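Undergrad: Starting off with a structure, shown below.
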Amino acid sequence: MKTVKVGVIGFGYWGPNLARNFFDLPSAELVAIADLKEDRLQRARSFYPEVRTTTNYMDLFNMDLDAVVVSVPPALHYPIAKHCLENGLHVLIEKPMTQSSEHAEELIRKAESKELVLMVGHTFVYNSAVVALKKFIDSGELGDIYYIDTARLNLGLFQRDSNVLWDLAPHDISILLFLLGQDPVSISAYGAPCVIDNIFDVAYLNLIFPNQVPAHIHVSWLDPCKVRRITVVGSKKMIVFNDVENEQKLKIYDKGVDAPEYTDGFGEFHWNYRSGDILIPKIRVSEPLRQECHHFLDSIINKTRPESDGHNGLRVVKIIEAAENSLRNQSSKEIFAWDTLNMPALRQM
Ligand SMILES: NC(=O)c1ccc[n+]([C@@H]2O[C@H](COP(=O)([O-])OP(=O)(O)OC[C@H]3O[C@@H](n4cnc5c(N)ncnc54)[C@H](O)[C@@H]3O)[C@@H](O)[C@H]2O)c1
């Protein structure tokens with residue numbers, strides 16, 4: 001197969017970005033777009049007059065497609081993706097993969113039994129700055145990883161059928177799994193439903209990774225400032241990924257502190273602070289979503305396992321489920337057991 005015939009299901013806010021990339025990529029042919037709303041389809045036709053449109057996604061099953069992209073509200077990910085897999089289509093499903101791990105497991109089984117590619121839109125693992133960040137960690141330049149802190153904050157976009165955990169945390173969880181190449185051993189979370197009853201709009205997650213490496217995730221729809229930041233603190237150096245910056249997204253700080261040998265004499269007890277250069281590595285800028293779409297097509301054409309495959313999506317869903325459990329019971333701690341589906345180990349780069 002040289003060209004993959006693709007249909008896009010859901011042409012709301014995010015679907016047009018997916019459609020644009022599949023329209024542009026030479027190894028894809030954008031054949032059809034489905035959305036329940038006629039005004040969204042009118043908009044699709046204004047961009048792509050030659051692409052077929054329909055209000056019924058099941059029409060896509062009769063269009064000789066190879067693959068679909070599911071970019072509808074999260075509650076519909078599972079039933080629509082399942083239906084598409086049953087009709088023999090490779091599926092790229094938006095994040096979060098599903099709203100329960102049982103549903104994610106079912107989709108994995110279905111895709112594997114039919115030898116279809118099932119990929120989840122964890123866009124950040126296709127972000128060149130995040131890939132560069134992982135290379136710095138893996139090269140040992142930062143030394144031992146002491147901890148990771150992430151913040152994804154803004155005012156909005158509020159949702160009624162989801163909470164901030166399911167909406168924003170998939171990004172940071174998928175980044176942490178990618179960077180560390182390990183599953184967390186313990187998860188806890190707390191937060192608050194500030195504006196609407198029962199819908200958490202701010203949440204703080206604590207994940208402990210093997211070797212006692214803590215990671216902290218702060219997500220909020222209710223913050224005065226737009227923040228998109230990941231800080232990795234190592235024994236030798238520290239890195240900040242600031243996605244709000246147009247350029248200079250990564251900064252490597254040659255900063256740290258060495259504890260002195262213990263002595264009884266106060267005068268001799270000096271902390272050894274290091275504050276050296278700040279390096280801004282040059283990163284080839286490319287649209288992460290384009291890389292993601294390209295990777296999906298490659299996985300279909302070359303019959304390979306995508307980086308963010310169904311198992312990766314399931315891992316993220318399981319972590320959110322554990323965090324939500326902890327969130328709703330405030331302060332309880334979820335100890336994690338990775339026991340379902342004999343999941344393959346996370347890939348090291
Ligand atoms: N990867 C990312 O960075 C990123 C960013 C934003 C959104 N998303 C994800 O993309 C998905 C869509 O989000 P959005 O913000 O575009 O939502 P949206 O509500 O703006 O759009 C969803 C669209 O799906 C359509 N739809 C609903 N049911 C349908 C059905 N049965 N058949 C066909 N179309 C149907 C709706 O009419 C709407 O136009 C969500 O899963 C979201 O989490 C991912």
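Undergrad: Quick one: which of ARG284, ARG290 is touching a residue at least 40 places away in the same chain (Cβ under 8 Å), in a loop (DSSP other than H, G, I, E, B) and over 28 Å from HIS103 (Cβ atoms)?
TA: Numbers: ARG290 fails: in a loop (DSSP other than H, G, I, E, B).
Being touching a residue at least 40 places away in the same chain (Cβ under 8 Å), in a loop (DSSP other than H, G, I, E, B) and over 28 Å from HIS103 (Cβ atoms) holds for just one of ARG284, ARG290, which is ARG284.
Undergrad: Could you identify the single residue in GLU105, GLU38 that is within 16 Å of the ligand (Cβ to nearest atom) and either closer than 30 Å to PHE241 by Cα or touching a residue at least 12 places away in the same chain (Cβ under 8 Å) (or both)?
TA: GLU38
Undergrad: Which of the residues that make up the stretch 55-92 are within 14 Å of the ligand (Cβ to nearest atom) and under 12 Å from LEU116 (Cβ atoms)?
TA: Residues satisfying the conditions are VAL68, ALA81, LYS82, CYS84, VAL91, LEU92.
Undergrad: I need the full set of residues from the stretch 145-195 which are part of a strand (DSSP E or B), of a type in the set (S, T, N, Q) and either within 23 Å of ALA129 (Cβ to Cβ) or within 14 Å of the chain's Cα centre (by Cα) (or both), in order please.
TA: THR150, ASN154
Undergrad: While we're on this one: Please indicate, with yes or no, whether at least one residue in the stretch 26-37 is over 20 Å from ASP298 (Cα atoms), out of contact with any strand residue (DSSP E or B) (no Cβ under 9 Å at 6 or more places or on another chain) and outside any strand (DSSP E or B).
TA: yes
Undergrad: Are any of the residues in the stretch 129-148 surrounded by fewer than 19 Cβ atoms within 10 Å (Cβ to Cβ), outside the structural domain of GLU245 (by TED's automatic domain parsing) and among the polar types (S, T, N, Q)?
TA: Checked against the condition, which is being surrounded by fewer than 19 Cβ atoms within 10 Å (Cβ to Cβ), outside the structural domain of GLU245 (by TED's automatic domain parsing) and among the polar types (S, T, N, Q), the stretch 129-148 yields no hits at all.
Undergrad: Select from the stretch 20-35 the residues that are without any contact (Cβ under 8 Å) to a residue 60 or more places away in the chain and in contact with a helix residue (DSSP H, G or I) (Cβ under 7 Å, 6 or more places away or on another chain) and write down the one among them that is farthest from TYR57 (Cα to Cα). Break it down stepwise before answering.
TA: Residues of the stretch 20-35 without any contact (Cβ under 8 Å) to a residue 60 or more places away in the chain: 20, 23, 26, 29-35.
Cutting the leftovers down to in contact with a helix residue (DSSP H, G or I) (Cβ under 7 Å, 6 or more places away or on another chain) gives us 30, 32-35.
On the way: LEU30: 15, ALA32: 9, ILE33: 8, ALA34: 5, ASP35: 7 Å.
Step by step, filter the stretch 20-35, then rank; the result is LEU30.
Undergrad: Ok, one more. In the set PHE11, PHE23, which member is among the aromatic types (Phe, Trp, Tyr), over 15 Å from ILE93 (Cβ atoms) and more than 15 Å from the ligand (Cβ to nearest atom)?
TA: PHE23
Undergrad: State which residue is nearest to HIS77 (Cα to Cα) when the search covers only the stretch 112-127 and only residues that are surrounded by 19 or more Cβ atoms within 10 Å (Cβ to Cβ) and of a type outside the set (A, V, I, L, M).
TA: The extreme case among them is GLY121.
Undergrad: Then there's this: So which residues in the stretch 48-75 are part of a helix (DSSP H, G or I) and either among the aromatic types (Phe, Trp, Tyr) or crowded, with 19+ Cβ neighbours inside 10 Å (or both), if there are any at all?
TA: At the first step, the residues of the stretch 48-75 found to be part of a helix (DSSP H, G or I) are 57-62, 74-75.
Selection gives TYR57, LEU60, PHE61, PRO74.
The values are calculated or read from the model by the stated rules, or taken from the named source; none is laboratory data. Everything numeric here is computed off the predicted structure, so don't read it as measured data. Glycine also receives a Cβ, built like all others from the backbone with ideal geometry; neighbour counts cover every protein chain displayed.
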